[in-house]
Protein chains: 2
Amino acid sequence: MTAIPLLDDLRSALGDAAVLTDPDLLRTHERDEADLCTAGKPLAVVRPRTTAEVVAVVRAAARHGVPVVPQGARTGLAGAANAVDGAVLLSMVAMDRILEIDPVSRIAVVQPGVVNAALADAVAKQGLWYPPDPGSWESSTIGGNVATNAGGMCCVKYGVTTEYVLGLEVVLASGEVLRTGRRTAKGVAGYDLTRLFVGSEGTLGVITEVTVSLRPAPEDSLTLVAVFPTTAAAGTAVAGIAERGLTPSLLELLDHTHLRAIEAYRPMGLRTDAQALLLAAVDTGGRAADDLAGIAEVCTAAGADEVYAATDAAEAAALLQARRLAHPAMEKFAADTFPAGTGGLVIDDVAVPRGALAALLDGVARIAEECGVLIGVVGHAGDGNMHPNIVVDRADPASVARGRRAFDEIMRLGLELGGTCTGEHGVGLLKRDWLAREIGPVGIRVHQAIKQALDPAGLFNPGKVF
Amino acid sequence: MTAIPLLDDLRSALGDAAVLTDPDLLRTHERDEADLCTAGKPLAVVRPRTTAEVVAVVRAAARHGVPVVPQGARTGLAGAANAVDGAVLLSMVAMDRILEIDPVSRIAVVQPGVVNAALADAVAKQGLWYPPDPGSWESSTIGGNVATNAGGMCCVKYGVTTEYVLGLEVVLASGEVLRTGRRTAKGVAGYDLTRLFVGSEGTLGVITEVTVSLRPAPEDSLTLVAVFPTTAAAGTAVAGIAERGLTPSLLELLDHTHLRAIEAYRPMGLRTDAQALLLAAVDTGGRAADDLAGIAEVCTAAGADEVYAATDAAEAAALLQARRLAHPAMEKFAADTFPAGTGGLVIDDVAVPRGALAALLDGVARIAEECGVLIGVVGHAGDGNMHPNIVVDRADPASVARGRRAFDEIMRLGLELGGTCTGEHGVGLLKRDWLAREIGPVGIRVHQAIKQALDPAGLFNPGKVF
């Protein structure tokens, strides 16, 4: 083994145990959960425990001209955390302390490696709530959530990660430590650097501390299920709910394919003959029953052939759990679709204005037919944010190519409908071309200028986003 | 009159009527409503009607090396819209059309010159609500609100302007037209350029179109007044309300000085013997009466000597109107404080974490005593965002100097308490030094790098913010 000067520098700064080059470990850290993306061969995984150690890593990497790829739990779905050839993978999982919870100012200060669920649990013990709840919440980290501006099911009423980030500590490419934002409810001192880093997918700096705002514990909610004979009818119901001024705290859609997949994965009596199911909840206190009745009315008017309210919290929790199982169930379903178990799932993510949801759902069905692939659709209907999941046979290049074509057609349709190429998963490697189409050459030039301003040598996560 | 090539260019691009050089008009456009700030002598005021005309102005100014200062209604309180010597004042008030209101997607698309109240009225007719409500809402423009990230009274529950800006059209210093953001509820495609421009106070580009998100019409609310024997007791009540998990839709504080000023300005039976009054509202539907009772309990426990609920909507509206009169009433009060009517008001703006509100109020009283000035405090208590208003005799330089000293001491105290030098008025010219102290040299360097990346020649609003 030849001596590598950067590794020597890292080991002397962080200690041997924090600088890992075991080939198996490197392999497990090469990529996040995104499909259709390449991954390079990293030099090492380093696990700093303090901001000073992050600074040491960044300075050493800069000195040696080696790229740095920040990583959280690698649950991302766009390849933003994938390795770049020769890179230092800067794993933030060891910086996992909750530094402060303040119930009066309703803020928490955490290190980036804190798992979303750990923060949620800790603040719940003080009667508080950290709303952002990405599907990966039991394993993904706050740092990763911030870097990708993660969404989730509560976002339809309570907003995405960026709404809850008040301030950051960031290590810049220069090795300087920047503090952005504030601990106050309001503040307009200078540019909103905090939100420039939120969602920047590790390309502008390394997040080493996050100050988040919290809400009081959520209200009890009432839950309803509506079953539709067509997906477009479900889309119409979503538009109608918005038009009527209702504000559900959850409004999720599962299509026929996902209903079958979930029922096969864990039988719970879902209507597998339905073309679409809407799962809605309201948490409007004394008005909740009226609001739920309003949603039921809209669903019936849009053509739902069955609408029923959960009779108790246990039934509501079971329905929510069914929705949370959509992803693993659909993975299993995809695998089983092909005899040799070679089926896989290409997960897409598109958001359109709420009023265009029905058109999106119809369009995805048309694309599935034209491309000759099976596409199941699930997602955050109330936000117009859908995940069309494309079943492909990984052993058959033609099948994968058809899936890729469907993926691109969905992107094209989303933009045509006034939408965006990513509602919550981010750009990473997966959607660089689509970002360029969405924001155009002026937008890309502005991105490049900002990157150049903050990271002129291209140290952080090169090749990602744009 | 000598020919000025830039004016010729502007007149040929926009027509004579849109390029104004009348000395009186220039004088009225020299400054916004900020105190303690300098203003330069502008070359001209131009009033474009289209984005193409803005592009023409920006390109012409860049060609001639003349700075451009974007202006809305000039109601700002930090000097961000003040003229720079020789500058083109780019008044956006003629671009005042509401382009679209979509009740399903709950968005509106507006030109920057639309007055806040005009947008609020237009969307209300469709059962919708645009919450941000700065004190200037009847005259300030959406473009100005976005450029300064304006706050208001509803922000304690519903957030400030940036929470409602989905996308922008911006003319860059290069003359290119950038479109940022989206029309969808969620989206994470690339850097959050939208929020980089929000609050950038005209230093990065000229906003020519704004896409805002809307909410359903607000709920009916219940209103309560609590009267306190000390300001600190009112501050303690605010912390207690937060700690109990209550979410008032309005939580405002008026101190003794403001109560007297309002009562003198328009007698309405306010308790002028009180040291502080909290005005609270809740809009939590069926739970509102319980929540109001909870707030009353907390206020009583904190030492309120009187707590009463508004008996009807008319009384609640009158109380709100009293709060809205605080600013003009205090201006009048300040003028009348000195025999020759030479009194004036230096308006400060500071925000601290909610738990530090009582300490801030105590500290401001101490500063008033130490500096030998009268300071009235009013503001958005629920956000920890206070406006200490300092009464000075403009005819007496020593009085103005004492006021300036008090102003700076309040800034220093705010930062010591973990706060920010501006909760909602912005930096402009007034707080450049305090911004530098708050964000430090690394923060300033990042601001400079971003400014350099987007406006390398320093065309837009030079000398503002940092």
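The values are calculated or read from the model by the stated rules, or taken from the named source; none is laboratory data. In this text the structure is predicted, and so the values were computed from the model without any measurement. Neighbour counts are summed over all protein chains in view; Cβ atoms, including those assigned to glycine, are modelled from backbone coordinates with ideal geometry. Protein only, heavy atoms only, side chains kept; ligands, DNA and RNA dropped before computing areas. Shrake-Rupley method; radii C 1.70, N 1.55, O 1.52, S 1.80 Å.
Annotations
- Ligands, DNA and RNA excluded, the heavy atoms of A:L278 present near 0 Å² of accessible surface to a 1.4 Å solvent probe.
- Heavy-atom SASA rank of B:D433, A:D455, A:D305 (probe 1.4 Å, accessible area, largest first): B:D433, A:D305, A:D455
- Taking the convex hull of Cα positions in region B:177-328, its mean projected area over all directions (nm²): 12.4 nm²
- The amide H of A:G190, built 1.01 Å from its N in the peptide plane, has B:V427 as neighbours under 5 Å, considering only residues 5 or more places off or on other chains.
- Whole-angstrom Cα spans of region B:98-216 along principal axes, big to small: 39, 29, 26
- A point 7 Å from Cα along Cα→Cβ stands in for B:E315, and the other copies hold the same point at 4.4 nm, listed in rising order.
- For the rotation carrying A onto B, the chain A residue whose Cβ lies nearest the axis, with the distance in whole Å, reads A:G286, 1.
- Taking amide H as placed 1.01 Å from N in the peptide plane, B:A87 has its amide H under 5 Å from the amide H of B:L43, each at least 5 places away in sequence or on another chain.
- Local electrostatic count at A:A304 - Lys and Arg +1, Asp and Glu -1, tallied over other residues with Cβ under 12 Å: -2
- Label positions at B:E315 and A:A117, each projected 7 Å from the Cα along the C-beta direction, are separated by 5.1 nm.
- Inter-centroid distance (Cα atoms) of region B:251-291 relative to region B:117-137, Å: 23 Å
- Built amide H within the under 5 Å cut-off of A:L250, gap 5+: A:A281
- Whole-Hz ³J(HN,Hα) from phi, Karplus 6.51 cos²θ - 1.76 cosθ + 1.60, for region B:156-164, glycine and proline x: 4, 10, 10, x, 8, 3, 4, 5, 10
- Taking only the Cα atoms of region A:247-287, the ratio Rg/Rh comes out at 1.12, with Rh defined as the Kirkwood radius.
- Pairs from the table (A:K186/B:K332; B:K157/B:K332; A:K464/B:K186; A:K186/B:K41) lying more than 24 angstrom apart at Cα are A:K186/B:K332; B:K157/B:K332; A:K186/B:K41.
- The largest accessible area among B:K125, B:K431 belongs to the first residue in B:K125, B:K431, and the rest follow in falling order (1.4 Å probe, all chains).
- Hull shadow area, averaged, chain A [alpha-carbon convex hull, nm²]: 22.6 nm²
- Working note: Debye formula, equal point scatterers on the alpha-carbon atoms of region A:149-248, no solvent; log10 I(q)/I(0) at q = 0.10 Å⁻¹ is -0.45.
- 3J(HN,Hα) along region A:368-377, derived from phi through the Karplus expression 6.51 cos²θ - 1.76 cosθ + 1.60 where θ = phi - 60°, amounts to 4, 5, 4, 8, x, 10, 8, 10, x, 10 Hz, with x in place of Gly and Pro.
- Summed buried accessible area for A+B [probe radius 1.4 Å, Å², rounded to 100]: 5900 Å²
- Hits among aspartates and glutamates - C-alpha to C-alpha of B:K125 under 13 Å, sequence gap 8 or more where chains match: B:D102
- Peptide B:417-424 has a mean shielding of 5, counted as Cβ atoms of other protein chains within 10 Å of each residue's Cβ.
- Span per principal axis, largest first, for the Cα atoms of the protein assembly as shown (Å): 95, 62, 61
- Net charge of Cβ neighbours under 14 Å - reference A:R404; Lys, Arg +1; Asp, Glu -1: -3
- Remark on region B:5-91: Rg and Dmax equal 12.3, 38 Å (Cα only).
- Each other copy holds its own label point for B:D290; taking that point as 7 Å from Cα along Cα to Cβ, the gaps run 1.6 nm, nearest first.
- q = 0.19, 0.27, 0.31 Å⁻¹, region B:378-436: log10 I(q)/I(0) [Debye, one scatterer per Cα]: -0.76, -1.22, -1.32
- Computed from backbone phi with θ = phi - 60° and the Karplus coefficients 6.51, -1.76 and 1.60, the 3J(HN,Hα) list for region A:39-46 is 9, x, 9, x, 7, 6, 10, 10 Hz; x is used for glycine and proline.
- On the protein assembly as shown, 52 percent of the accessible area sits on carbon and sulfur atoms, based on a 1.4 Å probe.
- Copy-to-copy label separations for B:S12, where each label sits 7 Å from Cα toward Cβ, in nm and ascending: 6.6
- Expressed as a whole percent, the proportion of Cα-Cα pairs in region A:222-416 lying more than 22 Å apart is 45%.
- For the segment B:348-354, counting C-beta atoms of other chains within 10 Å of every residue's C-beta and taking the mean gives 5.
- Accessible surface for A:M268 stands near 70 Å², nearest 10, in the context of the full protein assembly shown (1.4 Å probe).
- Average beta carbon contacts from partner chains per residue of B:145-155, 10 Å cutoff: 1
- Whole-number D in µm² s⁻¹ for region A:269-345, Kirkwood Cα-pair radius fed into Stokes-Einstein, 10 °C, 1.306 mPa s: 107 µm²/s
- Here region A:350-466 is described by how far its Cα atoms reach on the three principal axes: 46, 38, 22 Å, from widest to narrowest.
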